[in-house]
1. Taking the square root of 5 times each eigenvalue of the Cα gyration tensor, what semi-axes in Å does the equivalent ellipsoid of region 380-535 have, largest first?
2. Project the alpha carbons of region 2-75 onto their principal axes and report the range along each, largest first, in whole Å.
3. Size of region 301-450 along its principal axes in angstrom, Cα-based, largest extent first?
4. Expected output is a single nm value to one decimal: the length gained when fully extending between residue 386 and residue 422, i.e. 0.36 nm times separation in residues minus the C-alpha distance. What is it?
5. So what is the relative contact order for region 289-425, in percent, with contacts set as C-alpha pairs under 8 Å and at least six apart?
6. Given an 8 Å cut-off on Cα distances and at least 6 residues of separation, report the relative contact order of the chain as a percent.
7. Hey, what's the chain come to in accessible area per residue, 1.4 Å probe, Å²?
8. Report the calculated FRET efficiency for residue 370 and residue 314 (r = Cβ-Cβ distance, R0 = 25 Å), to the nearest 0.05.
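The values are calculated or read from the model by the stated rules, or taken from the named source; none is laboratory data. Given the structure is predicted, the values throughout are model-derived calculations rather than measurements. Positions of Cβ are backbone-derived with ideal geometry, glycine not excepted, and every protein chain shown enters the neighbour counts. These area figures cover heavy atoms from the full protein model, side chains too; ligands, DNA and RNA do not enter into them. Shrake-Rupley method; radii C 1.70, N 1.55, O 1.52, S 1.80 Å.
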Amino acid sequence: MKWLLDEFTGRTMEGRRYSDGLHQALEAKEHVKIKKENQTLASITFQNYFRMYGKLGGMTGTADTEAPEFKKIYDLDVVVMPTHNTMIRNDYADVIYKNQVAKYRAIVQEIKELHANKQPILVGTISIDVSEKISKMLQKEKIAHDVLNAKQHDREADIVAEAGQIGRVTIATNMAGRGTDVKLGPGVRELGGLHILGTGRHESRRIDNQLRGRSGRQGDPGSSRFYLSLEDDLLRIFGSGRIAGVMDKLGMEEDEPIEHSMISKAIENAQRKVEGHNFDIRKHLLEYDDVMNKQREIIYKQRCEVLESDNIKSIIEDMITELVELLVNEFAIQKIPSEDWEWESLRERCRELFNVDYFPVEEDRKDLDAELLSKKINEAVELEYQKREAKIESGQMRHLERLILLQLVDNLWKEHLLNMDHLKEGIGLRGYGQKNPLNEYKKEGFELFMSMIDSVKEQTVRTLMHVQVMGDDEIAQMEEERRRQKEKELEMSRRANAAELESRQPLKRQEVKIGRNQPCPCGSGKKYKKCCGKI
């Protein structure tokens, strides 16, 4: 399986994979190589990405329907500007049929009638399946047409640009973001301009408006009409029962449509409800991402400080001081005399963290408090760090500090993103325990983040205190040892293969073969088969 396709736009989504093992299941079904699940290396929502800019603004022909969302998320007002030329496009009321079969028959019939007059038609569909279905119906009617989806991705702009030429029929999935101007060809104005034929209403009015906006540009003539059926998802979920009851009472036939502005308004209200629901979902996701966004700002700010600075020794010293305080708080218990503290365990922890063998004699263990112990351990660690700096050139040590810190921050941040993804997957179940999932996510997300920060400090200091810097001679010696080891392994492998080949060779008889009827070589005078051959 090479690419996933966007169900609505028909575009390929390179690099995108399904999560939770679904993509691996599809790969197994299609008998292709099963790859590992993608890991998130960095993430940000569009909303938080745009909010990083100091000033925001934009221009589009379809923002009015999304005005509440722009105000809520970005604090932006939507201002409607009048068109440059008077809009003369005819936007006909929606036509509703009892079922999809009747709807598609009516769509093909209208295309036939308009195509006979050479008027260009742009057919908008909400999915690839619908566009392929209408294409097959038009092929039966022998109407030449272009289908714009993933199969014609390279010719996308050319197909849309030519949609306004005389006699042209173009079928396209949702027109969002195509970015190509549709100009009318010679003689098309006199025929009524480009006709937009929608095969169904989308959940969002904005996308329907984008489709309609392809016709009637800059004062050009044009027309548009949307065809619906009671089996469409939008009508099936919102109010199709009442409309179906009206159609039955009036005794309307299958191919007889309802066409009334009141119906169009009812559908628009349904779309408004769905848009509100989708906005609530996006707002809910944004609330969760705001938690990650604060953590993201802290991590990226620290990374920038490290990248922009040539000397981060002060940061390392602060890390050492904090780790020493945590260590002392763990072992220096005020209620117990200092000579009875777990000195052996403290010694092991100092070796592990700082590569320092701190183990004071019995006399020095008396009358200690946490502050004095912290001071002594700090002095021991500082002395060890100075020794390491003396062995390594100053410039190399500064470079090593930056390199190790950046590498650990990046690796632990990737692990943290994965942990946060796993936390988000199951956090919704907390609602069954009468707990607010968002508050639980904030609390546990903060705990995971602080744990990651502690791990960064601990692993950075531990690595710096244990790392060994080798000279050119030591590196050359190590490479030579590796080469010898590799040669030894190759020689052992060659001998093993030779022994295996030898064991596979057929056994060869050393002595001469004696026939069954020949005299027996033992000298008995009998035939071989009657003497030794018998045994």
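1. Working: eigenvalues 1099, 243, 25 Å².
Whole-Å semi-axes of the equivalent ellipsoid: 74, 35, 11.
2. Cα spread of region 2-75 along its principal axes, largest to smallest: 49, 27, 17 Å.
3. For region 301-450, the Cα spread along each principal axis is 59, 46, 20 Å.
4. Numbers: separation 36, 0.36 × 36 = 12.96 nm, distance 4.24 nm.
Additional length available on full extension: 8.7 nm.
5. Working: 66 pairs, mean separation 40.5, N = 137.
Reported as a whole number, the value is 30 percent.
6. Numbers: 604 pairs, mean separation 67.6, N = 535.
Dividing the mean separation by the residue count of the chain yields 13 percent.
7. Working: 34100 Å² over 535 residues.
For the chain, the solvent-accessible area averages 64 Å² per residue.
8. Details: r = 24 Å, r/R0 = 0.95.
The computed FRET efficiency comes out at 0.55.
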